[in-house]
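Here the structure is laid out as structure tokens; the discussion comes afterwards.
The values are calculated or read from the model by the stated rules, or taken from the named source; none is laboratory data. Every value quoted in this text rests on a predicted model; they were computed, and no experiment measured them. Heads up, the Cβs are rebuilt from the backbone with ideal geometry, glycines too, and the neighbour counts pull from every protein chain shown. Areas reflect the complete protein model, heavy atoms only, side chains present, ligands, DNA and RNA absent. Shrake-Rupley method; radii C 1.70, N 1.55, O 1.52, S 1.80 Å.
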Amino acid sequence: MHEEISKFRSIWVERVYEMVASYEGLLQSIQIADVWYMVRSFGLVPIINLAVVLCLIMSFMVLFEKTTMGLISLYAKVFRRRPYRVYKCDPIVPDEESGSAAFPMVLVQIPMYNEKEVYQLSIGAACNLEWPGDRILIQVLDDSTDPIVKDLVKTECTMWLNKGKNIRYETRSNRNGYKAGALKEGMKHPYVSECEFIAMFDADFQPEPDYLTRTVPFLFHNPDIALVQARWLFVNANECLMTRVQEMSMDYHFKVEQESGSTSCAFFGYNGTAGVWRISAISDAGGWADRTTVEDMDLAVRAGLRGWKFVYLGDTKVKSELPSTFKAYRYQQHRWSCGPANLFRKMFWDIVLAKKVSMYKKFYVIYHFFIARRIVSHLVTFAFYCAVIPLSVFFPEIEIPIWGIVYVPTAITLMNAVGKPRSIHLIVFWVLFENVMSLHRCKAVFIGLFEAGRVNEWIVTEKLGDMLKGSPSISFAKKLNFNVWKKFNVLELVVGLYLLVCAWYDFMHNSDFYFVYFVPQSIAFFIFGFGYVGTIIPTDK
């Protein structure tokens with residue numbers, strides 16, 4: 001009897017302990033749930049709601065900017081407000097007495113750095129420009145560090161010199177200032193003082209023979225014009241899908257952005273090549289500066305603030321090459337996104353305090369040129385469509401209006417398609433491609449604004465020229481002979497995985513069908529992450 005009572009007491013005590021432990025666990029669970037509820041309701045949800053509001057505001061800013069530029073470009077086309085109807089541009093003809101001396105002296109600069117695949121193209125095109133031989137001087141600024149490439153470029157220049165062309169081959173002992181430094185050094189040579197205008201071409205650019213006869217007259221007859229910019233025409237646009245979608249973006253830039261800037265206030269960003277400058281305007285603006293990686297935009301902004309006018313000629317096209325490897329394109333986009341943000345940081349007060357331009361032009365440069373186009377557009381693309389909207393699927397209480405998710409981005413996308421109507425069937429690929437690249441552009445903008453580590457990184461965009469042509473014997477397996485691990489891009493893989501998780505959760509728990517967008521965008525990030533995009537260079541090249 002005593003043993004049974006002891007046994008019963010032991011069982012009862014154990015159950016009491018179990019009940020107490022369960023109660024404590026319940027209390028702990030309740031406490032954890034309360035804490036999570038507090039963090040979710042008063043921390044995460046308000047922050048995400050704020051992010052949604054900011055992204056919607058930025059989306060409207062981009063939509064307004066695209067609409068404004070589109071309307072201005074449409075006005076210029078419908079009412080034929082073309083440069084040749086606005087400015088005097090009569091052809092320059094030889095004088096009976098002075099002959100070719102009636103033509104202004106033009107300097108043609110070709111900066112290059114280890115451009116083995118394309119150096120012959122630009123030098124040959126420059127030497128074939130139609131202009132009196134005694135009124136043109138071609139200057140090749142070779143910063144190459146590869147002695148073999150240097151010898152090739154020098155030999156090419158010597159060949160044209162022997163053919164009677166007025167060409168100079170110039171080098172320097174260092175690469176200080178990169179392209180800006182080379183251009184600045186090139187301007188210091190005594191013979192440059194004889195020149196009135198300067199045409200610039202990167203190593204992969206091939207101007208048509210009539211390029212100078214179409215551009216220089218605008219500068220010759222209009223002393224208030226500092227720059228005449230031509231349009232780029234891409235010779236390798238059909239090389240791969242990546243170059244096709246790049247062509248869509250670049251054609252929009254020229255057809256709409258440059259056109260609208262030239263029409264509305266005679267100001268736009270110099271593209272760094274395929275343009276002709278008035279040398280006195282460069283000097284008036286302070287010359288070349290190497291404080292950022294966008295020396296061309298830096299010079300354009302300073303010249304614009306001095307009251308000089310710019311003209312864009314959309315019907316004058318210069319052949320060039322698009323980066324066809326993902327690595328080259330990524331470096332180029334980093335420079336093109338980081339540089340403007342950093343320049344805005346450095347020049348904000350210079351713009352505000354400029355005395356030779358109107359308040360409207362100051363506002364145009366600060367808001368339209370810098371903030372809306374080169375900062376907000378990059379930030380909202382990644383933040384909204386690749387971060388905030390996917391995150392919102394975990395918070396049912398967060399509602400994003402349908403017009404912000406569908407209507408506004410659709411309108412922006414269709415307006416971008418205006419630049420290349422023949423490629424409108426690629427618009428879905430363009431959207432996915434641009435969203436992936438927005439990751440790098442967004443990161444670059446922050447680096448530029450805060451002057452972080454890679455702010456002054458300058459890597460010359462790799463050009464392939466005719467490298468991949470004429471080699472049909474290279475097998476597919478040989479083309480793919482590369483180190484797989486070196487092809488991995490971790491950031492793209494992380495974002496791709498994040499979007500895939502968001503897609504799965506949205507499919508399982510929600511009814512908004514966001515996963516229809518998340519899945520293809522996730523696949524796009526994975527494709528870029530594993531390096532299966534663009535042209536793959538054979539290992540024996």
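Miscellaneous remarks
- Conditions (1) in contact with a Ser or Thr (Cβ under 8 Å, 6 or more places away or on another chain); (2) touching a residue at least 24 places away in the same chain (Cβ under 8 Å); (3) surrounded by 15 or more Cβ atoms within 10 Å (Cβ to Cβ): number failed by Lys150: (2)
- Residues of the stretch 332-372 classified as outside any loop (DSSP other than H, G, I, E, B) and in contact (Cβ under 8 Å) with a residue 24 or more places away in the chain, total: 27
- When the stretch 392-409 is limited to residues that are within 27 Å of Gln258 (Cα to Cα) and open to solvent by less than 50 Å² (accessible area, probe 1.4 Å), the one that is nearest to the chain's Cα centre (by Cα) turns out to be Pro409.
- Every test in (1) on the phi > 0 side of the Ramachandran plot; (2) touching a His at 6+ places or on another chain (Cβ under 8 Å) is passed by Lys88 save one, and that test is (1).
- Residue check for Ile474: modelled with pLDDT under 95 and exposed (fewer than 15 other Cβ atoms within 10 Å of the Cβ): yes
- Every residue from the stretch 181-226 that is aliphatic (A, V, I, L, M), under 18 Å from Thr316 (Cα atoms) and under 21 Å from the mean Cα position of the chain (by Cα): Met200
- Of all residues making up the stretch 209-243, the number that are in contact with a Ser or Thr (Cβ under 9 Å, 6 or more places away or on another chain), open to solvent by 10 Å² or more (accessible area, probe 1.4 Å) and closer than 16 Å to Leu107 by Cα: 2
- The set of residues in the stretch 527-541 that are open to solvent by less than 70 Å² (accessible area, probe 1.4 Å) and at pLDDT 90 or above comprises Phe528, Gly529.
- From the options Leu107, Leu44, Leu50, residue that is under 44 Å from the mean Cα position of the chain (by Cα), open to solvent by 70 Å² or more (accessible area, probe 1.4 Å), at pLDDT 75 or above and among the aliphatic types (A, V, I, L, M): Leu50
- Subset of the stretch 393-429 (residues that are touching a Gly at 6+ places or on another chain (Cβ under 9 Å) and at pLDDT below 90): Val418
Listed here are the residues, each with its yes/no results for (1) part of a helix (DSSP H, G or I); (2) open to solvent by less than 20 Å² (accessible area, probe 1.4 Å); (3) among the basic types (Lys, Arg).
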position	(1), (2), (3)
Ala411	yes, no, no
Val428	yes, no, no
Ser438	yes, yes, no
Arg454	no, no, yes
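- Scoring Thr263 on the criteria (1) touching a strand residue (DSSP E or B) at 6+ places or on another chain (Cβ under 9 Å); (2) open to solvent by less than 10 Å² (accessible area, probe 1.4 Å); (3) among the β-branched types (Val, Ile, Thr); (4) in a helix (DSSP H, G or I) leaves a single failure, condition (2).
- Condition check for Phe382: surrounded by fewer than 17 Cβ atoms within 10 Å (Cβ to Cβ) and either within 18 Å of Tyr514 (Cα to Cα) or over 19 Å from the mean Cα position of the chain (by Cα) (or both): no
- Some residue of the stretch 326-344 being touching a strand residue (DSSP E or B) at 6+ places or on another chain (Cβ under 9 Å), under 26 Å from Tyr270 (Cβ atoms) and not charged (D, E, K, R): yes
- Any hit, the stretch 113-123, residues being at pLDDT below 95 and aliphatic (A, V, I, L, M): yes
- Pair list, Cβ under 8 Å, 6 or more apart: the stretch 161-176 residue on the phi > 0 side of the Ramachandran plot, other residue open to solvent by less than 60 Å² (accessible area, probe 1.4 Å): Gly164/Gly133
- Every condition in (1) part of a loop (DSSP other than H, G, I, E, B); (2) in contact with a strand residue (DSSP E or B) (Cβ under 6 Å, 6 or more places away or on another chain); (3) surrounded by fewer than 24 Cβ atoms within 10 Å (Cβ to Cβ) is met by Thr273 except one, and the failing one is (3).
- Residue within the stretch 157-180 that is open to solvent by less than 10 Å² (accessible area, probe 1.4 Å) and under 22 Å from the mean Cα position of the chain (by Cα) present: yes
- Listed conditions (1) within 20 Å of Pro207 (Cβ to Cβ); (2) under 15 Å from the mean Cα position of the chain (by Cα); (3) not basic (Lys, Arg) are all met by Gly339, apart from (1).
- One residue from Ala76, Ala102 being within 19 Å of Phe220 (Cα to Cα) and either buried (at least 16 other Cβ atoms within 10 Å of the Cβ) or not basic (Lys, Arg) (or both): Ala102
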